[in-house]
Amino acid sequence: MILSELKIENFRNYALEHFEPDPELNLICGLNAQGKSNLLESICYLGLASSFRGAGDNELIRWEQPYFYVEAEAESKNHGKLHISAAASRKRQKRWTLNHQPLKRLSEAVGLLHCVVFAPEDVLLVKAGPDLRRRYLNRQMSQLDREYCRLLMRYNHILRQRNACLKQGDQVDMEQLSAWDAQLAAAASGITRRRAQVVQQLSPLAAELHVELTGREHLDLYYESSVLARMGRPEIPPPSDVQGSEKLEKELNVFYLTEITRVHRAELQRGISLVGPHRDDMVVRINRRPARDSASQGQQRSAALTLKLAELELAQQQCGEYPLLLLDDVFSELDRRRRNQILNLVRGKAQTFITAADDRLPLPSGQRWLIDQGRIVR
Ligand code: ATP
Ligand code: MG
């Protein structure tokens, strides 16, 4: 995937900018608070249909302006030439177009401009609670698999409805609750099966990259789900094994229903759903120990980067082309050796965008851009 042109209007601190990036490497430099991360955010918005910093659409609109507009021309091996645009105004819903035709559903927009992004807060990916790791999985899987994206939206909808039902406590309509139980179990089984498969695929990729990055550490991953544990941690078939995948999903469904029924009383007391993939985790281990408990600051940073680069490789394996790689402030706190290692690991693979407040960084190839008060200066 190559982004050849980007037009941004009223996006964060940009009034109107036109950007024609280098097809390989773009080093985006500038002092603090000039708009480096905002530029990555605008690219990423077109890929994720949301901000990678978790900002709502209104926050993305330039202050005092009524709307923002972002438009990209990209070249994809699989989809040919792509023209994608997104607009959001303070009053109306967002509007998306693909090759100048309006898109009806948001899920159709996700993943068109496929991006892997490393944001400064991703350093917490290993150490923080499971929420960030679930988001890491959801974001990449939604871009890779439209069916997963739909399933996740559906699951979140069911979860909200079911929680509202549980909040009624003793007054709850048991028939209605059991209808939600069945829907939750079905969606949960699909999500759990797919996540467990993706983590199993990511683990060897991450292990290999992590050795290259650190020189010696062994890193591995596994998907932790209370229901899979109850099932005695069954073998996870690869996604190519369609029958095995269906069988696992059916078994998951049975176990989910049993588990949900088992915790009904506690759920009604607390008013929330206690079983489901919204409570699962992806365990990251370094040298066979959970990294969450023991990793040093440097190990956390390297492991987080490894996870992103593994995501990039998995996307390449599944789609036959690399997504865009957006690395926001990835070099801070890293010594020269690690910086060069990162550049070596991505060279010749994905079109890469790296922001850095330090403009003296040596650039082996590609283009250096200077950002100055919401303007892109070459
Ligand atoms: P750093 O090196 O500190 O990471 P940066 O160049 O990445 O800096 P950005 O995060 O891109 O900086 O933000 C640049 C500026 O954009 C900030 O000063 C911020 O106040 C401004 N900004 C954020 N949202 C908006 C908005 N909606 N309208 C106008 N300006 C905004
Ligand atoms: Mg920044």
Lysine-lysine proximity count for the chain, Cα under 18 Å, sequence distance 8 or more or distinct chains: 7
Accessible heavy-atom area order of 352, 261, highest first, probe of 1.4 Å: 261, 352
Neighbour cut-off at most 14 other Cβ (10 Å), DSSP loop, GluC sites (Glu not before Pro), the range 215-309: 235
Cα-Cα separations in the range 211-259 greater than 18 Å, expressed as whole percent: 46
Mean Cβ neighbour count within 10 Å, used as a protection proxy, ranking 55-62, 302-309 highest first: 302-309, 55-62
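More than 37 Å apart: what percent of Cα pairs in the chain qualify?
Value for the chain (Cα pairs over 37 Å): 25 percent.
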FRET efficiency for residue 78 and residue 121, using Cβ-Cβ distance with R0 set to 22 Å, rounded to 0.05: 0.10
With every protein chain in place, the range 123-320: carbon and sulfur % of accessible area (1.4 Å): 48
Antiparallel bridges, percent of DSSP beta bridges restricted to the chain (to nearest 5): 70
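Evaluate E = 1/(1 + (r/R0)^6) for residue 344 and residue 297, where r is the Cβ-Cβ distance and R0 equals 22 Å; express this FRET efficiency to the nearest 0.05.
It comes out at approximately 0.45.
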Span-rule helices in the chain, defined as complete DSSP H runs reaching 20 Å or more along the axis (Cα) with Kyte mean at least -1.0: 146-166, 174-214, 242-262, 297-319
Value in Å of the Kirkwood radius, where the range 152-202 supplies the Cα pairs that are averaged: 12.0
Distance histogram in 10 Å bins (all Cα pairs of the range 1-150, percent per bin): 10, 40, 38, 12, 0
Cα-only radius of gyration and Dmax that characterise the range 123-320, units Å: 17.9, 60
Per-selection Rg to Rh, the range 60-141 - Cα, Kirkwood hydrodynamic radius: 1.04
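The values are calculated or read from the model by the stated rules, or taken from the named source; none is laboratory data. Note that the coordinates shown come from a computational prediction; the quantities given were computed from them, not determined experimentally. Reconstructed Cβ throughout: ideal geometry from the backbone, glycine too, with neighbour counts over all protein chains shown. What goes into the accessible areas is simple: the full protein's heavy atoms, side chains included, and nothing from ligands, DNA or RNA. Shrake-Rupley method; radii C 1.70, N 1.55, O 1.52, S 1.80 Å.
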